[in-house]
Amino acid sequence: MSRLSYAGAPADREIPRREAPVARALQARVLLDHVGWIVAAGAVGAAIGGVVALSSPPEYRAQALVQVEGKDASARNAGQPQPGAQLDAGLLRSRAVVAPVIEQLHLDITANPVRAPLLGVLFERWSTPGQPRGAWLGYAWGGERLLLDRLAVPERLVDQPMVFEVLQDGSYRISYRDTPLVEGVVGENAAGNGVELRVARIEAAPGTRFLLTRHDPARTADAIRQGLAVESESAEAGGSTVRVAWQYRNPDAAAALVNGVTRAYISGQTAQRRGDAADSLAFLSGELPRVQAELARAEEAQSRYRARTGSMQPSRDAQSFLNNSMEYQRQITALRMERTKLLQRFTTDANEVKTVDSQIQQMTRDRAEIDARMQSLSASERESVALARDVKVAEDMYMTLRTKVEQLSLLRSDTSSQMRLIDKAIVPARSVGPGAWPFVSGGMLLGLCLGVAGVGVRQRLKPSVGTANDAEQRLGIAMLADVAFSEEQAELEREIDAKRRLGIAAGFALRANGRLEAPRPGTALVDASVLDGTDSDYTESERLLRQGLHDHFLLARRAPHSLAVEGLRTLRAALHFSLRSAPDGVVAVTSPAVGAGKTFSAVNLAVLFAEAGQRVLLVDADLRRGKIADWFDQPAEGGLAEVLAGRLPIAEAVRPTVVNGLFILTHGLTPPNPSELLMLPTLADNLRRCAGRFDLVIVDTPPVMAVADATLVASLAGSTLLVIRADVTPAEQVNETLKRLARADARLMGGILNGVVQRRSNRAEFNSINPYLGMPLPRAEVKHPALANHAAEAGNASDTKAA
């Protein structure tokens, strides 16, 4: 076995281990075997996602379209250019615009029915508002509505949910933390403990409860302002269109709020424009008499000058000075009017007023420079230029004011606006949002990922050996056979346990299993009586049958064509060739830990060798918890413990069984010093004697990791078999077991992978074996004397009855 290599064991050549491919193959096999769990996790995730999607209240989006014209209608009518207006999104979302609409629609008051978790929301989805289903188990089940005209609460109850309970005959009761606050009737004002309200309508069955909350108006306005969407769709020279939208779980409230906000904004802009026009008209109307009086004084002064001097036309130089001076004077006069208008809203220290004052000072200085250049003219020309300038400026200002007054009068009386509601918001019929599919797909994807992660974590926490190839590649141990998990063996072990606890009454407590039946003639591959046919042996076999010995607990006899027995036959064939090079015919069967199935393998392997015509001795070397005696339904006393202690000869301790050629040596009474007994030279001597008298000696030992007894026996045996439980035995335990066996100089023949369960990764292997199982075998003649006598007696009885 030089090709085997494991920790602590000598090897002529080390086999390099391909860790990465093995790990990847192991992960693929594990995922394939647990694909059902992974798919189930994905299905559960999809179901949870669907429930979350359906339990979330639907959202409805209402939207309106507003047209913004390029010019004001009154400006077009007056023939005056005016810059195009723009919709101010910040102003539209301002609290001044939104808060009155919220108060009007009572959006700062919520009344939510108390619903059952998950199911209540699902029922609400398929219910009609205003048609309540009733109140069962203290929950509302859809269709309930509560409408309030007014609700005022003290500061301590703001944003605090109160319980609104519907009573009989339209009455109700409001409580907070089990403390009654107020009671009332629908349509009437109610007050108590600082709570004032008026309920307009209740559409719910008596016993229904609502969570009534008066929210903080400022916070409610801020939340709605943030959710209000203002999007510009088109912008042209003649105007633009703006879409205003809001999303809410109540479609009626969503449409009402969008319409209310747009109308409030448009009416507010119109009112502001008309208010500004009225203020400007009032100011200009007040300035118009003063300007008219200045014009009259200027014209009178000019008339007196002309009458006195008789001069009508100024000279060319005087006309040039006159034009320049008139322009500055006109600007100075306009700035003074602007200053007077600003003083109605600001003080003299305001930046706006100071800016106008600085402009007036600059214009005055410029005009003073022109007046200084006029000193080259004669006194008469200077006076004529000054008078003509005053008349011209006063006349222009007066005409300008009159024109503006007429325009502002039209603007104040005009009710049109630069903004117009083209499409008002209608109540949406369909909810918006991604729907249930994103939640379902996301939940399914998350479930699949968690399933894969769970399988990986489970594999890391318990990295067991799954297949024979895994054991050979990861551990470097040759696997002689893999034995399938047997439901029949599980049933046999229950029968053994019941027989141990109940005794004879176990036959009444257990039901018959259709998979298990007594062996029939011809089922054995080789009849032992043909190979060893002395009359004394026949007599002994008949005597054993009459003693009540049976094979009811042996899988190889009760289910000879099961997958597990077929795997043990594969092991028998491998041992048949391997034992040729072994030092002797002693085979120790052990395992890393309890539950691997070493006793099952040892017992049924011994039965199969005996059925093949060999004389086999099955030794129970587990002096602490031996169970071979129970498998053959024999007492444990008088076994190996007594032989090693010198109280019983081995010839008297070895017992025959009902299986031809199979003898057993039980473990005996549990001694206080089992390890010390196994270390005595008596064990080696008896094993050598047995090896000389039997073709094969199979020794069932304790687990290696449990006690040191297994290594003591394995060091004396010519061959050792290591039983590994598929998907149960961790690889670390196998490695440690190999180290201990190597330190004991045990000759490891190979391993047995027991309890292999049919899964997706090995289904092809099972399918290749199944067609050969249960094939009809040729009926053999009954050659056992005891059975022949029974058959002859039965035949004579039937013939006599027929005669």
Q.
How are the alpha carbon pair distances in the range 169-270 distributed across 10 Å bins from zero to the largest one, expressed in percent?
A. 11, 29, 26, 20, 9, 4, 0
Q: Based on other C-beta atoms within 10 Å, arrange V603, V51, V457, V756 from fewest to most.
A: V457, V51, V756, V603
Q: Give me the orientation-averaged projected area of the Cα convex hull of the range 78-191, in nm², one decimal.
A: 13.0 nm²
Q. By count of other Cβ within 10 Å, fewest leading, how are R177, R225 ordered?
A. R177, R225
Q. To the nearest µm²/s, what D does Stokes-Einstein give for the range 60-268 at 25 °C and 0.890 mPa s, using the Kirkwood radius over alpha carbon pairs as Rh?
A. 126 µm²/s
Q. With labels modelled as points extended 7 Å from the Cα through the Cβ direction, what inter-label distance (nm, one decimal) is found for S234 paired with A205?
A. 5.4 nm
**Q.** Neighbour-count ranking [beta-carbon atoms within 10 angstrom, fewest first] of W37, W136
**A.** W136, W37
Q.
So if each residue of separation counts as 0.36 nm, and I subtract the Cα-Cα distance between E188 and R290, what length gain in nm does that give?
A. 30.6 nm
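No lab work stands behind these numbers, since they all come straight from the coordinates. These figures come from a predicted structure and were not determined experimentally. We place every Cβ from the backbone using ideal geometry, glycine too, and count neighbours over all the protein chains shown.
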